[in-house]
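Take a look at the structure below.
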Amino acid sequence: MLSLIGLAHCGRAPNLGGGTDAMTDTAWLTPQQQSAWRAFLRGGRRLMEALDRDLAPYGLGLAEYEILSMLSEVPGQRLRMSELADIVVQSRSRLTHTATRLERRGWVTRAPFPGDGRGVLLSLTTEGFATVQRVAPAHVASVRRVLIDLLPAEQLAALGVSMRIVHDSLCPRGVPPLDEPSLS
């Protein structure tokens, strides 16, 4: 299969025989940009696969663990599902399906949001909190092994800054920017 981004390695538009203006007006990636882009794509996928794989013995995937973890960190251990969907970067539909699985396991409950007939409140149960406490040490060890301990502090800081810029520039209106890390 022909990859147009792959053809940009020479810094000029590929000749595909069609000669469309869109092809010649495209700002193709430089070799350095293409290398960084592909490293991000492939490294990101490998990272997510490794984190998922390391959670599998606990009967969780990364998306499920992130939901439980986020709920465990907020006051009252509950959030409006639409707000949680924005935080974990999932569609409302996907979050609803994931919440159903977590609810079947007894780790969360859903209830109408007080004063709003359309909103739903997702709450972490005592069993769900116990699951986070049980799984968190293994998850943190996994994050350290597959990312944190591989990077010098300066590269890790640059990665954080870069991903905050990307996140904040792509957030839907109304979603707050990521918090800056605590320097204390």
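Bear in mind these aren't lab numbers, they're just calculated from the coordinates by the rules spelled out. These numbers were taken from a predicted model, which means no experiment stands behind them. Here Cβ is always computed from backbone atoms with ideal geometry, including for glycine, and neighbour counts include all displayed protein chains.
Taking 0.36 nm per residue of sequence separation and subtracting the Cα-Cα distance, how much length would be gained by fully extending the chain between VAL175 and TRP37, in nm to one decimal?
Values: separation 138, 0.36 × 138 = 49.68 nm, distance 2.56 nm.
Once the chain is fully extended between VAL175 and TRP37, it gains 47.1 nm.
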The range 75-85 - phi-based ³J(HN,Hα) in whole Hz, Karplus 6.51/-1.76/1.60, Gly and Pro as x: x, x, 6, 8, 9, 5, 4, 5, 5, 5, 4
For LEU147 paired with SER123, estimate the spin-label separation in nm (one decimal), with each label point 7 Å from Cα along the Cα-to-Cβ line. 3.1
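Per the Kirkwood treatment, what hydrodynamic radius in Å, one decimal, follows for the range 80-127 from the mean inverse distance over all distinct Cα pairs?
10.9
Is the C-alpha gyration tensor of the range 41-184 telling us rounded, prolate or oblate? Criteria: a/c under 1.5 is rounded; beyond that, a/b larger than b/c is prolate, otherwise oblate. All intermediate terms of the calculation are to be shown ahead of the outcome.
Working: a/c = 1.91, a/b = 1.33, b/c = 1.44.
It comes out oblate by the Cα gyration axes.
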Explain nothing, just compute: Karplus ³J(HN,Hα) = 6.51 cos²θ - 1.76 cosθ + 1.60, θ = phi - 60°, for every residue of the range 25-34 in order, whole Hz, x for Gly and Pro. 8, 6, 7, 5, 6, 6, x, 5, 5, 4
In nm, give the distance between the simple-model label positions of THR30 and SER72, each being 7 Å from the Cα along the Cα-to-Cβ direction. 4.4
The set of residues whose placed amide H lies less than 5 Å from the amide H of VAL120, leaving out same-chain residues fewer than 5 positions away, is MET81, SER82, PHE113
